[in-house]
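Since the structure comes first, as structure tokens, the remarks are kept for the end.
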Amino acid sequence: MKKHLFIICFLGLSSFCQAQTDVHLNIVNLLFFEASGSIEKGLNKNISVGGFAGYFYGLPHGAEGPFFLSNNGGENKYFHIGPEVKFYVYPDGSLNRFFVGAYARYTNGKATSPDNYGGEISSRYNKGSMGLSLGSKWVTKSNIIFGFFGGIDRNFVSNYNNERYLGTSPADGDDEYFGYRIGAHIGYRFGNKSTDK
């Protein structure tokens, strides 16, 4: 039975990849604070649907550095996943160049922040959000993909198991109301060959 199920799943995945399907890995964030990637399937030359997932592991606890490389004594680690729809404004025969998108995201994690008494306070949390994204993507003749993206989202669900945490200043990017996505990625296009010149 397991063998039959595996064969059915493999055939389904094979037919899915026969159409234009892009797989991306976020390379910039991997160097600093997050392991994430996405998959995208073209519906036509302008519109794609897909999904993304990642794990934000952040800097080591107590790390200090310039600008965003300092966590100011706090720590925030979370898993996130969600669907996304993209519209490519002026594609060159395939899903490429500038795009705008809309996405939903579920986030589950734990954040720690300094409290007002010299100690620490932490909370586990679950969030559901919706957001908008912008970016651009280029595809080479050999179907290698590279590009960049950014997005901002607003939480419509935000549950913290320790409400006292919300009275502190989150020290490592945790926000009760807003979130963001940003990065640069590389990937590969399966299926239809790129028509880029």
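Before moving on, here are some points about what is shown:
- Contact annotation: residue pairs with Cβ atoms under 8 Å, 6 or more positions apart or on different chains, pairing a residue in the stretch 21-47 that is in contact (Cβ under 8 Å) with a residue 40 or more places away in the chain with a partner that is among the basic types (K, R) and open to solvent by 30 Å² or more (accessible area, probe 1.4 Å), are T21/K41; D22/K41.
- Top-ranked residue in the stretch 29-73 [being assigned to a strand (DSSP E or B) and among the charged types (D, E, K, R); ranked as modelled with the lowest pLDDT]: E34
- Only one of the listed residues (S113, S136) is small (G, A, S), closer than 29 Å to N161 by Cα and touching a residue at least 24 places away in the same chain (Cβ under 8 Å). That residue is S113.
- Apart from one condition, G109 fits all of (1) open to solvent by 40 Å² or more (accessible area, probe 1.4 Å); (2) at pLDDT below 95; (3) touching a strand residue (DSSP E or B) at 6+ places or on another chain (Cβ under 7 Å); the exception is (1).
- Applying a threshold of 9 Å to beta carbon distances and a minimum spacing of six or more residues, or different chains, the list of pairs starting in the stretch 75-93 at a residue that is on the phi > 0 side of the Ramachandran plot and ending at one that is in a loop (DSSP other than H, G, I, E, B) and surrounded by 14 or more Cβ atoms within 10 Å (Cβ to Cβ) reads G93/K45; G93/S194; G93/D196.
- Members of the stretch 28-45 found to be under 18 Å from N96 (Cβ atoms) and either among the charged types (D, E, K, R) or surrounded by fewer than 15 Cβ atoms within 10 Å (Cβ to Cβ) (or both), listed by number: E40, K41, L43, N44, K45
- Only residues that are open to solvent by less than 10 Å² (accessible area, probe 1.4 Å), under 18 Å from the mean Cα position of the chain (by Cα) and farther than 12 Å from F52 by Cβ were counted in the stretch 78-106, giving 1.
- Scanning the stretch 125-145 for residues that are among the hydrophobic types (A, V, I, L, M, F, W, C) and open to solvent by 20 Å² or more (accessible area, probe 1.4 Å), we see that the one that is nearest to G93 (Cα to Cα) is W138.
- Here D153 meets each of (1) more than 21 Å from L31 (Cα to Cα); (2) in contact (Cβ under 8 Å) with a residue 60 or more places away in the chain with one exception, condition (2).
- Of all residues making up the stretch 164-197, the number that are within 19 Å of K45 (Cα to Cα) and either at pLDDT 75 or above or basic (K, R) (or both): 7
- F148 within 16 Å of K86 (Cα to Cα), of a type outside the set (S, T, N, Q), open to solvent by 60 Å² or more (accessible area, probe 1.4 Å) and touching a residue at least 24 places away in the same chain (Cβ under 8 Å): yes
The values are calculated or read from the model by the stated rules, or taken from the named source; none is laboratory data. Quick caveat, the model's predicted, so the values are computed rather than measured. In this analysis, Cβ positions are derived from the backbone assuming ideal geometry, glycine residues included, and neighbour counts consider all displayed protein chains. Note: areas computed on protein heavy atoms with side chains; ligands, DNA, RNA excluded. Shrake-Rupley method; radii C 1.70, N 1.55, O 1.52, S 1.80 Å.
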